Amino acid sequence: MMKLKKMQSLPRSPAAGYTIMEGLVAIIMVSFLMSAVAPVIALSVGTRVQARRLELAAQAARSYIDWVRYDPVDRGPNQIGLDFKDVNPPQLGDLVCQDGAYCTTPTPNPAQSNQSNYLFCVDGDGDQECKKDSLSDMLVQGSRNQGITYNASLSPEENKRRGYALGVRVYRADAFQENSLCPSGAGCPDPGTQQSVVTNAIGNRRLPMVEIITEIAPTENSFQNYQDRLKSPTN
């Protein structure tokens, strides 16, 4: 009787690789995973960039407040608002701004204030000025509320000596490339809404970065001026 011999299996060649079909499946799987992870990475990067912007904006606001407190009469804003929420956003236009000083352009709406002490420049990129194409320059809009102590017959300097509530809004310099700024521009959320730290890399630059209200002390008759300004007009 004839015996059948078992055929020996040939050893796998070390040069053998994946088939074309296996390679295509691997590419599809990697592409799917990347498309799922990419939005999370983009949000993470955008949030880190925005957090840094908010930090710079807060520093700009503190710098402006300290700068005004050093000389609240000459350095205080001339823009007046009975309620900080009702103060219009800055006028748009070309920026002529030197670091650590009020801009000469743009100027405010003449019906709301006079033509000086309007927008304060805080340079963030070291060129000693604020430009609309800068991603780190900040512009600070200041306004003052004196309550019933405000007297229209007095000069701005005389009114400032009575003390005032200083309202501060900080905008990105590149926001002045937009058609309008919030809170009163078209498509804006409710007044008082600020930019969120959770955003994409660009964010809504029409919104203020930071809003702060602080007290500037009177330079004369301090107690009486505080009392008159903080009491209700009906009292």
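Which residues, taken from the range 23-42, are farther than 24 Å from G203 by Cβ and either β-branched (V, I, T) or at pLDDT below 75 (or both)?
The answer is V25, I27, I28, V30.
Scanning the range 117-155 for residues that are of a type in the set (S, T, N, Q) and in a strand (DSSP E or B), which turns out farthest from L54 (Cα to Cα)?
Taking the range 117-155 as the starting set, the residues that turn out to be of a type in the set (S, T, N, Q) are 117, 128, 134, 136, 141, 143, 145-146, 149, 151, 153, 155.
Cutting the leftovers down to in a strand (DSSP E or B) gives us 141, 143, 145.
Working: Q141: 16, S143: 21, N145: 25 Å.
Among those residues, the one meeting the criterion is N145.
Output the residue which, of all residues in the range 186-231 that are modelled with pLDDT under 75, more than 28 Å from S136 (Cα to Cα) and not polar (S, T, N, Q), is surrounded by the fewest Cβ atoms within 10 Å (Cβ to Cβ).
Among those that are modelled with pLDDT under 75, more than 28 Å from S136 (Cα to Cα) and not polar (S, T, N, Q), it is F223.
Please verify whether the range 156-164 includes one or more residues that are basic (K, R) and in a strand (DSSP E or B).
no
Would you be able to tell me the number of residues in the range 29-42 that are touching a residue at least 12 places away in the same chain (Cβ under 8 Å) and open to solvent by 70 Å² or more (accessible area, probe 1.4 Å)?
Let us first name the residues in the range 29-42 that are touching a residue at least 12 places away in the same chain (Cβ under 8 Å), namely 42.
In the following step, the residues that additionally are open to solvent by 70 Å² or more (accessible area, probe 1.4 Å) were identified as none.
Total satisfying the criteria: 0.
Examine the range 43-64 for a residue that is out of contact with any helix residue (DSSP H, G or I) (no Cβ under 6 Å at 6 or more places or on another chain), at pLDDT below 75, surrounded by 11 or more Cβ atoms within 10 Å (Cβ to Cβ) and assigned to a loop (DSSP other than H, G, I, E, B), and state whether such a residue exists.
no
The values are calculated or read from the model by the stated rules, or taken from the named source; none is laboratory data. Here the structure is a predicted model, which means the values were calculated and not measured. Neighbour counts are summed over all protein chains in view; Cβ atoms, including those assigned to glycine, are modelled from backbone coordinates with ideal geometry. Accessible surface is based on the protein model in full, side chains and every heavy atom, while ligands, DNA and RNA are left aside. Shrake-Rupley method; radii C 1.70, N 1.55, O 1.52, S 1.80 Å.
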